[in-house]
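I have placed the structure first, in the form of structure tokens, so that the comments after it can refer back to it.
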Amino acid sequence: MNIVLDSYAILAYIGDEVGAEKVEKYLHMAKEGKVTLYMNYVNLGEIYYILARQDLEKADLSIALLKREPIVFIQADEKLSLLAGRIKAFHKLSYADAFVVATAIETNSRILTGDEEFKRVEDKVEIEWL
């Protein structure tokens, strides 16, 4: 099973908010090799700037800890960037969310999120709601 972690899911996990337990379950499963978790670097940057607005030290620490988790980080190369651009052109999503969808398509994954914006692409990719 492949899952792309949206920034919403990671921020819920970091903040111990609703849905954090589901993210924690998948991180544990990834450590056991039962699931592959993906995130792209555009969304890592999104998480960083959201946290940095509140507390720069917390942002630095959170990213360092996140990078130790069993998550495969995907580069925003030309292919992924153009796919995200195409998704953004035809769907009402943020640019960062278009990268989540593009990553899910490229890795044949479902998306783990609680962000209602993804309802607009449920016909394109599988969404698992927090």
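Every read-out reported here was derived from the displayed coordinates using simple, explicitly stated rules and does not represent laboratory data. Quick caveat: nothing in here was measured; it's all calculated off a predicted structure. For neighbour counting, all protein chains shown are included, and Cβ atoms are generated from backbone atoms with ideal geometry for every residue, glycine included.
Just a few scattered comments:
- Derived scalar couplings ³J(HN,Hα) [the stretch 72-77; Karplus, 6.51 cos²θ - 1.76 cosθ + 1.60; whole Hz; x for Gly, Pro]: 8, 8, 9, 6, 8, 7
- Of the GluC sites (Glu not before Pro) found in the stretch 24-108, the ones in coil according to DSSP and having at most 10 other Cβ atoms within 10 Å of their Cβ are Glu32.
- For the stretch 1-43, the residues whose backbone nitrogen is under 18 Å from a point 7 Å from the Cα of Leu61, taken along Cα to Cβ, are 11-17.
- Each residue of the stretch 16-29 is assigned a 3J(HN,Hα), and the resulting list reads 6, 9, 3, x, 4, 5, 5, 4, 4, 4, 5, 4, 5, 4 Hz, derived from the Karplus form 6.51 cos²θ - 1.76 cosθ + 1.60 (θ = phi - 60°), x at Gly and Pro.
- Taking amide hydrogens as placed 1.01 Å from N in the peptide plane, the amide H of Glu128 sits under 5 Å from those of Ile111, Leu112, Thr113, each at least 5 positions away in sequence or on another chain.
- Our coupling estimate for the stretch 79-89, obtained by passing each phi through the Karplus curve with A = 6.51, B = -1.76, C = 1.60 and θ = phi - 60°, is 4, 5, 5, 5, 5, 4, x, 5, 4, 4, 4 Hz, Gly and Pro reported as x.
- Matching label, Cα Rg over 2.2 N^0.38 Å computed from the structure shown, candidates (i) 1.11; (ii) 1.27; (iii) 0.98: (iii)
- Estimated [θ] at 222 nm from DSSP helical runs (n ≥ 4, -39500 (n - 2.57)) normalised by residues in the chain, nearest 500: -17000 deg cm²/dmol
- Amide H within-cut-off set for Val72, under 5 Å, with H built and near neighbours excluded: Leu37, Tyr38, Met39
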